[in-house]
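Note sheet for the following structure.
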Amino acid sequence: MLIAIAGALIISTSAPLVRLSGVSPATSALFRCAYAVPPMLLLAWLERRRLGPLPRRAVLMSWAAGVVFALDLLFWHHAIEYVGAGLATVLGNLQVFIVAFAAWALFGERPSSPLMVGTPVVFAGVVLISGVFDSAAYGSDPLLGVAAGVATSLAYAAYLLLLKGGSDRAAGPLAHATVVATAAIALLSPLFGGAGLAPSWPAHGWLLLLALGPQLLGWSLITYSLPRQPAALTSLLLLVQPMSTVAISTLALGERPSVLQLAGCAVVVLGVLYGSRRSPSPRPAEAREKVGEAR
């Protein structure tokens, strides 16, 4: 559990590091992936030596995942600029609901009852974060920040669904996706304000830390630990990451969301936490009754 929590805490520094770099959203998205490519390729090569090459289908799915991951980062880094690092990270957790309902439509996996209850609660929190009813809302453009945050969640949900249909390996698919994401961000960057190819120091230092810390180390720790932990740990991670980012952004960056925005943040986190719970299994007597009815 400590390894998983450490990974979540490392990832929670992503948005603050983007802000500290001081570069454009497209620039931070580009270098975040580009700097992570060499060590990821090394890990993928070591995995290939042990397990052999990836199947062709897994490679193609990873490439598609890389394209939507590029969109995820471009939208999210703009959300950070519009609404701040803390609130943008909270908005990024909406993919839990999007993935669940998309899986229902695509794979017939019916969402749990807690998820159905939590969905309207979460979107009520999103409305509060948007600042629609709040003259003191934090951010250069909170409403546009929420729009970018929702687009982020949609792209990230597509990324997760594409990986779901690929391989069960970790390093190889991630390496393929990161390489493609780097190229896609470079091609798409003119549509998102353009990416600078020569950030000055210390921006390079912050971007290198972003790539090697959250992008590589943080996700490696979580990928390693999640299969070895109880399913309930996922809910804990959902709570640790956004709350940690809000705290870091307040202390290190001086971000001061309004009272209503903080209330919306709490509503989103609690709604996601509740919605990610599993429905209770039927009691033995109930299960026997259902079997009898089926007969």
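Brief remarks follow.
- Furthest towards positive pole of dipole, Trp104, Ala58, Leu71, structure part the range 1-121, Cβ charges: Ala58
- Likely footprinting exposure, Ile10, Ile129, fewest C-beta neighbours within 10 Å first: Ile10, Ile129
- Applying 1/(1 + (r/R0)^6) with r as the Cβ-Cβ distance of Ala124 and Leu144 and R0 = 25 angstrom yields a FRET efficiency of 0.80.
- In terms of surrounding Cβ atoms within a 10 Å radius of their Cβ, Arg110, Arg169, Arg19 rank from fewest to most as Arg110, Arg169, Arg19.
- Three semi-axes describe the equivalent ellipsoid of the range 84-153; taken as square roots of 5 times the Cα gyration tensor eigenvalues and ordered largest first, they are 26, 13, 8 Å.
- Look at Leu187, Leu43, Leu260, Leu54 and count the other Cβ atoms within 10 Å of each Cβ; fewest to most, that gives Leu187, Leu43, Leu260, Leu54.
- Counted by Cβ distance under 9 Å from Glu81, the other residues give a net charge of 0, where Lys and Arg count +1 and Asp and Glu count -1.
- Rounded FRET efficiency, nearest 0.05, which uses the C-beta distance separating Ala263 from Val117 and R0 of 25 Å: 0.85
- If you take all other residues with their beta carbon under 13 Å from the beta carbon of Leu54, and give Lys and Arg +1 and Asp and Glu -1, the sum is +4.
- Computed from the Cα positions only, the extents of the range 59-193 along the three principal axes stand at 48, 41, 20 Å, in decreasing order.
- Using θ = phi - 60° and Karplus 6.51 cos²θ - 1.76 cosθ + 1.60, couplings along the range 144-157 (whole Hz; Gly, Pro as x): 5, x, 5, 4, 5, x, 5, 4, 4, 5, 5, 5, 5, 4
- Anisotropy class of the range 153-209 from Cα gyration tensor, a/c 1.5 cut: prolate
Each reported figure results from applying straightforward, stated rules to the coordinates on display, with no laboratory input. All figures in this text were calculated on a predicted structure; none of them were measured in a lab. Neighbour counts are summed over all protein chains in view; Cβ atoms, including those assigned to glycine, are modelled from backbone coordinates with ideal geometry.
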